[in-house]
Every structure is written in structure tokens, then in C-alpha cells.
Amino acid sequence: MLSRVRSYTVQMCAAAGFAAMSWGSPALAEGPEFSANVAITSDYIFRGMSQTDENPAIQGGFDMTWGLFYAGVWASSLDFGDAVNGCGQPAGTSGDCANLEVDLYAGITPKLGPVELDLGLIYYAYPGAKDLPTAELDYIEIKGGASIKPTDNLKLGTTVFYSPEFTGETGEVWTVEGNAEVSLPYDFALSGLIGKLSYEHNPGTPNYTYWKIGLSKTFLEKFSAEVAYWDTDLTESRCSGPLFQCDARVVGTLSASF
């Protein structure tokens, strides 16, 4: 954190950095652009945790970009178990805990020299979920990311997510991710991701690290297939429960964008 005593040098550096940031205003005159995506995956993994009880999921979304601004909606099928075992509802409650996730997001992507920033907000919604009064599944995250391409074939990035009240009313949560992607011949790409999720005030829920290594192939311009390995550092006892399995697994995904 900067000292309250601001030197002339600090002010000049800040001004120079602001001037170097590209806000993309000329693109606003061109009007917004729209795209859509759809995917089927053998297991919906979110930060190392299965969201579908290790079963397949159907996913899709719509995006709008306008200069440096973006907004979109994305949805996925879920399997959080029945209302009693998945959401902790009283015995005798019928129905599923949650079977649909809908994410709403918006942000900006300014550039600071060769670094592309991503500053945004994400709202995770679970329509029709059997929430308890003190354990609502819906939550909000603030996102701040930065990425750079040292070479034409290599992209590196890091993202920080912060939720003031994480899903299930579990308090403040910080998530930090680092990722890399290498473009390979014949439209293949090798990607890697490592993240750390930390609960600030919930000692009963362990912090953990998760990672992913994936190989993807783009074909017919709009289609992509990926095979990815996921794992976490959580103990076997934590990962062998009836829901949200987090042990090692291989996931296949077929997606298309339009």
C-alpha cells in the first residue's frame, strides 16, 4: 500500500501508467459484437470440484463485447444431489438440491502496454435451488486478472477472485489462479492452471490447491475438443463424499462457438 506521503515521482509514474493504458474508445463507434458457445463435458469441474456428481453436463452461453466492455450469461446443468443430502433440508423434503447454474458477468479489458487486464463482476445463480435460510447458494465474486503474451505461441496469466460471502454462506473467500497456454502445430494447444482457494473466516472448511493440465484441438474453425487432467491436494476422505468429488480425474469436453 502506498504511503499517505505521495512524492512527485509516484505521481508522475501513476500518470504515465494511466496514459499508457488503452481504453479502446475508438472501437465503441463500431457497435457491439455478439457470440454464442455450447459444450458438452464428461464432468463439470469448478476449481477442482465436480459439480455434477461425476456425470456429464450440457453448457452454453452468450457474450457481448463493445470496445473494452464485455457482458454475458453462461449456464450449466448440475447435480448437487437431493434436497436432504445436497442442501441439508429437513428429512422428508422432496426434490433436487440444485440442477442448474446460471452465471451473469460483466467487466472491462483495458491494456497496459503489453499486459491485458480483465476487471469484472460475476454473479453465480442457482435457479430453483432448495436453499436453507442461512445457506443460500447464490453468490457474487469480484475478478481482477492480467495476461501477457511473451511470444506468439505462449500466453501467461493470473486472476484473483474475491467473494464477500461465498456459496453456502461460508464467508469471505479468496481464489488466486495462474495459467499458461502454449499453441502447438496443427491447431493443438497445451494449457495448465493452478489455483488456491482460501476461506478467511471458516476454519471448518479447509483451504485447498487445485490444478489442471489440458490438451485441446481446434477444428473446422468453430469447434474444439479437450482432454484435461484435474486434481486437488485435499485428502481422500474429503474427496470421497457423495457430492463434490475432488480426486484426480480425466475430463473430456467438446465445444463450439459462433
Checklist entry - Does Asn202 satisfy being over 27 Å from Pro56 (Cβ atoms) and surrounded by 14 or more Cβ atoms within 10 Å (Cβ to Cβ)? => result yes
Next on the checklist: Here is a list: Leu156, Leu117, Leu137. Which entry is of a type outside the set (S, T, N, Q), within 20 Å of Ser183 (Cβ to Cβ) and under 17 Å from the mean Cα position of the chain (by Cα)?
Outcome noted: Leu156
Checklist entry - For region 105-134, how many residues meet the condition of being free of Cβ contacts under 8 Å to residues at least 40 places away in the same chain and of a type in the set (S, T, N, Q)? => result 1
Checklist entry - Can you spot a residue in region 193-202 that is under 27 Å from Tyr162 (Cα atoms), among the small types (Gly, Ala, Ser) and out of contact with any helix residue (DSSP H, G or I) (no Cβ under 6 Å at 6 or more places or on another chain)? => result yes
Next on the checklist: With the structure loaded, tell me whether Leu137 is surrounded by 15 or more Cβ atoms within 10 Å (Cβ to Cβ), without any contact (Cβ under 8 Å) to a residue 60 or more places away in the chain and closer than 30 Å to Ala83 by Cα or whether it fails that test.
Outcome noted: yes
Item to check | Single unsatisfied condition, Ala75 versus (1) in contact with a Phe, Trp or Tyr (Cβ under 9 Å, 6 or more places away or on another chain); (2) at pLDDT 95 or above; (3) closer than 17 Å to Phe46 by Cβ | outcome: (1)
Checklist entry - Restricting attention to region 120-131, and to residues there that are within 30 Å of Ala91 (Cβ to Cβ) and surrounded by fewer than 15 Cβ atoms within 10 Å (Cβ to Cβ), which single residue is modelled with the lowest pLDDT? => result Gly128
Checklist outcome for this item: Of Ala225, Ala189, the only residue that is aliphatic (A, V, I, L, M), more than 19 Å from Asp43 (Cβ to Cβ) and within 21 Å of the chain's Cα centre (by Cα) is Ala189
Item to check | Criterion violated by Pro185 - all others in (1) out of contact with any strand residue (DSSP E or B) (no Cβ under 8 Å at 6 or more places or on another chain); (2) at pLDDT below 95 satisfied | outcome: (2)
Checklist entry - Where residues in region 98-119 are in a loop (DSSP other than H, G, I, E, B) and either among the aliphatic types (A, V, I, L, M) or surrounded by 14 or more Cβ atoms within 10 Å (Cβ to Cβ) (or both), which of them is modelled with the lowest pLDDT? => result Ala98
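The values are calculated or read from the model by the stated rules, or taken from the named source; none is laboratory data. The shown structure was predicted, so the numbers you read here are calculated from the model rather than taken from an experiment. Heads up, the Cβs are rebuilt from the backbone with ideal geometry, glycines too, and the neighbour counts pull from every protein chain shown.
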